[in-house]
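**Student:** Just passing along the structure, written as structure tokens.
What follows draws every value from the coordinates through simple rules; no lab data is involved. Everything numeric in this text was worked out from a predicted model, so none of it was measured. Neighbour counts are summed over all protein chains in view; Cβ atoms, including those assigned to glycine, are modelled from backbone coordinates with ideal geometry.
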């Protein structure tokens, strides 16, 4: 639906276009430098960061070159050193006659010392090169412009991501710069099979998108599917991978994330090695991985670095946390308002005593407390970090205490909401899902007790079984049961025992292709 | 789209009618004990003991301090008359504030008069109601009405029902009372091959009760009682003894033996298609837990003598119980009829109705074998060395 | 005066909404007339029976017919 | 026919869930009292034969569902009429399970909630499940069905009351007659009801294992029934069994300290849910093939609605329900479960060559 609206808006925009607004047309470059200048000035009118510089040199000032770039985008020192100085030096030193035709080849081959030179054959390409940070040289008399990559290093340094903290393993996280990110990946997989496919998306933003996979490990069909879905995107702007995620997800009407994302290099690399496909986008440190399965919510990068026993235990714990964070308040409400017969005698006395004098029904109480918690959480996220911490302390301690003392909430409810909250933080990818699902369960529990909860749980399970992420059933490896993949699900086997890659991600034969990991395994055992 | 459709439907189906079975915990009365009796006119008197959770918590946390002067009582006891149990319970709503919640019933106390009139049919409600607690302990009140027993205010526990349950549990370990859960009582009632027995409870003063002895039923009617020793004999036969202490005297010294394992096997021996006699075989294992006397205790022969004495004691108790059941009450509480039913179904069909008479006429063979294993931390009894 | 069972009515209402929604899809799918008739017949019969049940006028059920037939044959006593 | 495939394991679990289904609520073999185990054994053997019969039919008519087989073998007109009867039978089956489910919950946990609301709530999730298609049903059974034996074992594991391990004696106290009657009941409910799977077997990805899967499933279900029977009779004694309305529920509340009733509800939702979903799916698929609908999903909601109404309509009270399922259901099912499949098998055997020539 949104796509339809967007398309509609997009059409509107195009209708409004007139001469003042630059449109993508394949107009050729004019041969005459003055015409180029004129055209560029209209295109970049009112762009104060657009700079153009004329170089006139050679015998009889016969050579006119126009250098166009965006201020601040290019490294001026490099531009002067590698581009302008050589040109000026060359043409002032030589006394040879230069005909216009050869100038272009000469400059390209002999003069400019920069490595990144590309040709721009049309106005569209030239403009694109300028706005993406290259310096573009227009040479009088030539129909081809030269784009020289003299981008100044931009953005922040590689640092540890806040969202995914790991105790062990690499602390490098992705940054906003696409090429830095690509380097970070390439650094870890030194193999020409690692492919980066570049695309531009967004009619206004022209954002660089990169599809990354390891050829021979990733499933070709899925790669093709990813390509198809990304190319289908018709959008003005791609500001974050989140935009792409919403376009390429299999099912728009699900709460569950069908596309994974990560900010950590080592995690992404391991996903690539499992046969997943990554989608990088310029301007955001978040990298998408597809296909994404439910089981990934309880996997962390640390697991693989640690001893398998601890990791397996932690995974079971995380699964438990997932259940607790979705079901606990609902179970409590069902227990307290429906199934008194189930509660053991001593507990029922405690429960009833704690409920004494509370004016609200357990359901209302639970909703109020959970709402309060969610508000606090949101406030804590939005606030500056230092204030956020203070806020969470105020919220957790003062509010909880006070609401119990005021007789609005029972002790037990505070405990339950606290446990629920803690558990919901354990599985970060599903944190928002569990929040909503928790409410659904809570509402149904208030009306139908355990029956409602179990029926809803079954419906949620059916929903999960229906979901597919790029053709792979979301609940793999549990259903359809893939025995070989269970080694990396709830129970994690030691890394040397993982001799095959996830079978679910292949349609074909895994044994033949399982080279890399197997070699790794062999290496480790050899080292030992 | 499908999801939104389902969501609308869910909301519709939920919001239109409202919620039916949703009851807050604060809107129920937690019944801890239930007493059932009959008055002279044959009406049922139901007594409930209801716990006040807040007060229970308060008293148990400040137990012994006794600071608060105007404390709420942790439990209250109310009685009401009605035609049936359910009728009485429902009518009771006119004098209490909330719905009675029976699932927490820990103890069910039956009145003597009620039991004499027969319990087989009248307990139907407790079986039928979905909230009934099948694991509640059942006891028969002797010499007092259930109401009097439930109104005690014990020092040891804030909730009298828990106190009663505790005493029953304690005594059952000592094998001096038959501990019967409601479900087992129902099984007994339903099973025509054996007669029901229920533990007995008596009131000592307004703070204590005593659970000892057993009520014997015949076709659902209370016919008599077994005292504590007979009860133990009965429990030995039915193989329900866990730990108990048997005492006896040997040559002026007194010995207590703790039974650590007991297995009883009963049998009906048939001759010519007719039951000839009943046989009971007991295998016990025990440790000496006390020995007051002058003899030394260090040879296997000494142990042998004690074993013999103890086995005689056990045999005596079993015989007492058997005599009571056969001669006084002629009620097959041991379940010999079950054996006949299982292994001689043809014969059972013929004698089903008069089995209890046949049972009371049959001679009994009791065989007890006891092995004493350990003697505790010391071997010979405490005395001055000579 | 017909005493209506409102729970039953609300259940019926939920089903009717669902089936009307479904009917729309059925028409947009361009299913054959046979399908449409089957659909309408089943829906209408469940609606009628549902309303009768809600009104407390329970007609003899298929189970009773079957039992009657078997009694006629003599299989069931 | 849907373009879907289910694996052998999925079919195995789906079938096990189906067969266990609502028999978990109503104790298997109650009417034969202490001889119930005999009845279970006899009906298990019979069930094995019946289910082998069904798999043979499917193997002789590869990748054809019930309606297509009926039409192939009996001709278009007769086949269609028989198919209509089968559809009715499937709907009837679903509505009976709905009713069992409803009465169970109303009796044990939700005495004040109207049964129609409970059934309707259940029906909504059934619609969602049936609309998801056979593949998702297979996958969901892979997750849920293993819970049934697991939870049943937990419920039986430690129960406080005294155990009487000889409670199943004496053997054949009341003669063989009640045993035969009970085994007939058990044979037609649940084993014979597997006739529903004539519409599901064709989706199996590897037909070679079909016979093995069905045999294993039937054996497992028989063993579980025996386990449940012995559990109940050992704990409750035979005299008690016939009195209780829902025996397994009774055993679930006898756990010391904590009440396992919710676990039992879960078992029932899984078993009953799979049973109803299979029956509804079979009815819907058959109906859509009969009418030539493009998408079977359009019929799901109206069939479910009909079967919900039918479940409320069909019996007035719980005694009617039990006496009807006990006395009439067996005879009513025989044509559907035994006679027609047997004729189908004969027809398939004799016309086999001819059909292969056509292909």
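**Student:** Stokes-Einstein diffusion coefficient for chain C at 10 °C in a medium of 1.306 mPa s, Rh from the Kirkwood formula over Cα pairs: what value in µm²/s?
**Tutor:** 106 µm²/s
**Student:** Can you list, bin by bin at 10 Å, the percent of alpha carbon pairs in chain B, starting at 0?
**Tutor:** Spelled out per bin, shortest first, that is 5, 20, 24, 21, 16, 9, 4, 1, 0, 0.
**Student:** What relative contact order, as a whole-number percentage, does region A:178-292 give when Cα pairs under 8 Å and 6 or more residues apart are counted?
**Tutor:** Relative CO of region A:178-292 lands at 30 percent.
**Student:** Ranked highest first by the average count of other Cβ atoms within 10 Å around their residues, in what order do A:70-78, D:325-333, A:473-481, B:44-52 fall?
**Tutor:** Highest-to-lowest ranking by the protection proxy: B:44-52, A:473-481, D:325-333, A:70-78.
**Student:** Mean separation of Cα pairs under 8 Å and 6+ residues apart, divided by the residue count of chain B: what relative contact order is that in percent?
**Tutor:** Value for chain B: 13 percent.
**Student:** Figure the gain on full extension for residue B:43 and residue B:99 (residue separation times 0.36 nm, minus the Cα-Cα span) and round it to one decimal in nm.
**Tutor:** Using 0.36 nm per residue and subtracting the Cα-Cα distance, I get 17.9 nm.
**Student:** Output the Kirkwood hydrodynamic radius of region A:213-352, Cα pairs only, in Å rounded to one decimal.
**Tutor:** 18.3 Å
**Student:** Report for chain B the percent antiparallel among DSSP-assigned beta bridges with both residues inside it, nearest 5.
**Tutor:** Rounded to the nearest five, the antiparallel share is 70 percent.
**Student:** State the Cα centre-to-centre distance between region D:115-134 and region A:364-439 in whole Å.
**Tutor:** Between the Cα centres of region D:115-134 and region A:364-439 lies a distance of 34 Å.
**Student:** Sticking with this one: Once the convex hull of the C-alpha atoms of region A:423-511 is built, how many Å³ does it hold per residue, rounded to a whole number?
**Tutor:** Measuring per residue, one finds 124 Å³ for the Cα hull of region A:423-511.
**Student:** Now for a different question. Could you give the angle, 0 to 90 degrees to the nearest 10, between helix B:300-323's Cα long axis and the longest principal axis of the Cα atoms of chain B?
**Tutor:** For B:300-323 against chain B, the angle is about 50 degrees.
**Student:** Pull out a ≥ b ≥ c, the square roots of the eigenvalues of the alpha-carbon gyration tensor of region A:322-459, then state rounded if a/c is under 1.5, prolate if not and a/b is larger than b/c, and oblate in the remaining case.
**Tutor:** oblate
**Student:** Going by how many other beta carbons lie within 10 Å of each one, how would you line up D:311, A:454, D:217, fewest first?
**Tutor:** A:454, D:217, D:311
**Student:** Ranked highest first by average number of other Cβ atoms within 10 Å, how do B:156-166, D:193-203 line up?
**Tutor:** Averaged packing, sorted descending, gives the order D:193-203, B:156-166.
**Student:** Take every residue in peptide A:453-461, count the Cβ atoms of other chains within 10 Å of its Cβ, and give the average of those counts.
**Tutor:** Partner-chain Cβ atoms within 10 Å, mean over residues of A:453-461: 6.
**Student:** If each of residue A:356 and residue D:349 carries a label point 7 Å out from its Cα toward its Cβ, how far apart are those two points in nm?
**Tutor:** Here the modelled spin labels are 7.7 nm apart.
**Student:** Return the FRET efficiency for the residue pair residue C:29, residue D:63: r is the Cβ-Cβ distance, R0 is 22 Å, and the value is rounded to the nearest 0.05.
**Tutor:** 0.35
**Student:** Right, something else. Round to the nearest 10 and give me the degree value, 0 to 90, for the angle of helix D:115-131's Cα axis relative to the longest principal axis of chain D.
**Tutor:** Once rounded, the angle reads 40 degrees.
**Student:** To two decimal places, what compactness ratio does chain A give when its Cα radius of gyration is scaled by 2.2 N^0.38 Å?
**Tutor:** 1.25
**Student:** Return the Cα extents of the protein assembly as shown along principal axes one, two and three, sorted largest first, each rounded to a whole Å.
**Tutor:** That gives 144, 94, 72 Å along the principal axes, largest extent first.
**Student:** Taking 2.2 N^0.38 Å as the expected size of a compact globular protein, what ratio does the Cα radius of gyration of region A:336-377 give against it, to two decimals?
**Tutor:** 1.38
**Student:** Is region D:68-216 best put as rounded, prolate or oblate by its Cα gyration tensor, with a ≥ b ≥ c the root eigenvalues, rounded for a/c under 1.5, and otherwise prolate when a/b is larger than b/c, oblate when not?
**Tutor:** Prolate is the answer for region D:68-216, as a/c is 1.5 or above and a/b outweighs b/c.
**Student:** Taking neighbour Cβ counts within 10 Å as the exposure measure, how do A:47, A:465, A:423 sort from fewest upward?
**Tutor:** Lowest to highest Cβ neighbour count: A:47, A:423, A:465.
**Student:** In region B:182-293, if every C-alpha pair distance is counted and binned at 5 Å from zero, what percent goes to each bin?
**Tutor:** Values per bin, smallest distances first: 2, 9, 13, 16, 19, 16, 12, 7, 4, 1, 0, 0.
**Student:** If R0 is 25 Å, what FRET efficiency do you get for residue A:199 and residue A:159 from their C-beta distance, rounded to 0.05?
**Tutor:** 0.35
**Student:** Kirkwood hydrodynamic radius, computed over distinct alpha-carbon pairs, for region D:8-358: how many Å, to one decimal?
**Tutor:** Every distinct Cα pair counted, the radius reaches 20.5 Å.
**Student:** With the Cα gyration tensor of region A:178-292 in hand, convert its eigenvalues to equivalent ellipsoid semi-axes via √(5λ) and list them largest first in whole Å.
**Tutor:** Largest first, region A:178-292 gives 21, 16, 13 Å.
**Student:** Can you give me the angle between helix D:297-314 and the longest principal axis of chain D, using Cα atoms only, in degrees from 0 to 90, rounded to the nearest 10?
**Tutor:** Roughly 40 degrees, rounded to the nearest 10.
**Student:** How well do other chains shield peptide C:39-45, expressed as the mean number of their Cβ atoms within 10 Å of each residue Cβ?
**Tutor:** Mean number of neighbouring Cβ atoms from other chains: 4.
**Student:** Enter the Cα centre distance for the pair region B:67-140 and region B:320-346, rounded to the nearest angstrom.
**Tutor:** Their Cα centres are 32 Å away from one another.
**Student:** Now for a separate question. Cα-based Rg of region B:182-238 per 2.2 N^0.38 Å, rounded to two decimals?
**Tutor:** My calculation over the Cα atoms of region B:182-238 gives 1.23.
**Student:** Just from its helices, what would the mean residue ellipticity at 222 nm be for the protein assembly as shown, if runs of 4 or more DSSP H residues each count -39500 (n - 2.57) and the sum is divided by every residue, rounded to the nearest 500 deg cm²/dmol?
**Tutor:** Computed mean residue ellipticity for the protein assembly as shown: -16000 deg cm²/dmol.
**Student:** Next question. Between residue C:69 and residue B:271, what is the FRET efficiency for a Förster distance of 60 Å, r being their Cβ-Cβ separation, to the nearest 0.05?
**Tutor:** The formula returns an efficiency of 0.60 here.
**Student:** Starting from the Cα of residue B:249, step 7 Å along the direction of its Cβ; do the same at residue A:189; then give the gap between the two resulting points in nm.
**Tutor:** Inter-label distance under the simple model: 9.4 nm.
**Student:** Next up: Where the centre of each part is set by its Cα atoms, how far does region B:148-214 sit from region A:240-279, in angstrom?
**Tutor:** Cα centres, region B:148-214 to region A:240-279: 65 Å.
**Student:** Right, another one. For region B:240-386, what log10 I(q)/I(0) values come out of the Debye formula at q = 0.19 1/Å, with one point per alpha carbon and no solvent?
**Tutor:** Taking Cα atoms of region B:240-386 as identical point scatterers yields -1.05.
**Student:** Evaluate peptide A:361-367: per residue, the Cβ atoms of other protein chains within 10 Å of its Cβ; return the mean as an integer.
**Tutor:** 2
**Student:** Still on this model: Taking the beta-carbon count within 10 Å as an exposure proxy, list B:113, D:208 from fewest neighbours to most.
**Tutor:** Sorted ascending by nearby Cβ count, the order is D:208, B:113.
**Student:** Compute the distance in nm between two label points, each set 7 Å from the Cα along the Cα-to-Cβ direction, one at residue D:85 and one at residue B:239.
**Tutor:** In this crude label model, residue D:85 to residue B:239 measures out at 5.4 nm.
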